[in-house]
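Beneath this line is the structure, given in structure tokens, with notes to follow.
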Amino acid sequence: MIKKKNIIKIAIDSPAAAGAGTIAKAISKHYNLFYLDTGKIYRFVAYLKIQFPKKFNDKFIRSKIKSLSAKDLSNKNLLSDEVGTEASVISKIKKIREIVHSLQTNIAYYPPKKYMGSCLDGRDITYKIIPDAEFKFFITANVKIRALRRFKELKGLGKKTSYKEVLKSIKKRDKNDYNRKISPLKKTKDSLLINTTNLNKRACFLKIKKIIDRKLKN
Ligand code: C5P
């Protein structure tokens, strides 16, 4: 694929519930970039497995990914912890990653025309999907803070769960994501580390904005 060069591309990697999505959305809005939460695509595939265990094979996944719509990705069922944990299991499968990767690369390099560029967040964005991104960030936070944030989010969605359960599932997901053989979560040398443990949303946004503005001016 010929990669379009004259657009801004922001690549973000982060462990679960570190606040990357919230920051990425705000940054995308500010700079008029197309935002893609790549975890949602793995969640979508995981949900297919839960819904259609018997039909779940490469061909089926490929056809569902081909006809994927924004509405599919905004399905509230994708937000549950069960789907998140299943996503961290199916995302270890090489064939599934290949199917999902081409879609992500396409969006990163060819965002819809009205946008100035793209911003993607996930686990392998900085080194696999957009290795030549103009901006790369690794956003993280202490695991207990992440669990607390996710717990509040799930409670807000009316899901029945406890802080302890959420903490356990986030730890499990971290283990899966950091240790898998294919596309593990890692901070690349050329990514800037943003630790959100003691920063609120606004402070994170401003920190990243400052970095981007400084580079854009040069
Ligand atoms: O970001 P989110 O927590 O929604 O992602 C769900 C799961 O999808 C992650 O735990 C991870 O295993 C997988 N994922 C991935 N690569 C990405 C994004 C998400 O493997 N780029």
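With a cut-off of 11 Å between beta carbons, the residues surrounding LEU157 carry a summed charge of +4, where Lys and Arg count +1 and Asp and Glu -1.
Would you please state which residues of the range 75-94 a label at LYS168 would reach in this model, taking the label point 7 Å out along Cα→Cβ and a backbone N cut-off of under 17 Å? Under cut-off, by backbone N: 81-86.
Please report, in debye to the nearest 20, how large the charge dipole of the chain is about its Cα centre when each Lys and Arg carries +1 at its beta carbon and each Asp and Glu carries -1 there.
Details: 53 positive and 18 negative charges, 32 e Å.
The dipole of the chain has a size of about 160 debye.
Taking 8 Å as the Cα distance limit and 6 or more residues as the minimum spacing, I'd like the relative contact order of the range 8-206 as a percentage.
Relative contact order comes out at 37 percent.
Mean separation of Cα pairs under 8 Å and 6 or more residues apart, divided by the residue count, gives the range 96-218 a relative contact order of 28 percent. Summarising the amide proton neighbourhood of LEU192: residues at separation of 5 or more, or on other chains, whose placed amide H is nearer than 5 Å comprise LYS136, PHE137, PHE138.
Which whole-number percentage describes the relative contact order of the range 32-103, with Cα contacts under 8 Å and a sequence gap of 6 or more? Please list the in-between numbers first.
Numbers: 44 pairs, mean separation 34.2, N = 72.
Reported as a whole number, the value is 47 percent.
Just check the range 8-206 against the gyration tensor rule for me: Cα atoms, a ≥ b ≥ c as the square roots of the eigenvalues, rounded for a/c under 1.5, and otherwise prolate or oblate depending on whether a/b exceeds b/c.
Details: a/c = 1.44, a/b = 1.04, b/c = 1.38.
Here the range 8-206 falls in the rounded category.
For the range 27-113, the fraction of C-alpha pairs more than 19 angstrom apart is 38%.
Going by average Cβ neighbours within 10 Å, how do the peptides 180-193, 162-175 rank, with the highest at the top?
Values: 180-193: 14.0, 162-175: 16.4.
Result, highest mean first: 162-175, 180-193.
Taking the chain as a Gaussian network, Cα atoms linked when under 10 Å apart, which of PHE34, PHE135, PHE56 shows the biggest mean-square fluctuation? Result for the chain, Cα springs under 10 Å: PHE56 fluctuates most. Between ASP13, ASP37, ASP132, the residue with the greatest mean-square fluctuation in the GNM of the chain (Cα pairs under 10 Å linked by springs) is ASP132.
Remark: the LYS160-GLN51 segment gains 37.2 nm on full extension, using 0.36 nm per residue and subtracting the alpha carbon distance. If only the Cβ of Lys and Arg carry +1 and only the Cβ of Asp and Glu carry -1, the dipole of the range 1-128 around its Cα centre is close to 580 debye. With neighbours defined as other Cβ atoms within 10 Å of a residue's Cβ, the residues LYS40, LYS160, LYS209, LYS55 order from fewest to most as LYS160, LYS55, LYS209, LYS40.
We did not get these values from a lab; they are worked out from the coordinates using the rules stated. What you are looking at is a predicted structure, and each value in this text was computed from that prediction instead of being measured. For neighbour counting, all protein chains shown are included, and Cβ atoms are generated from backbone atoms with ideal geometry for every residue, glycine included.
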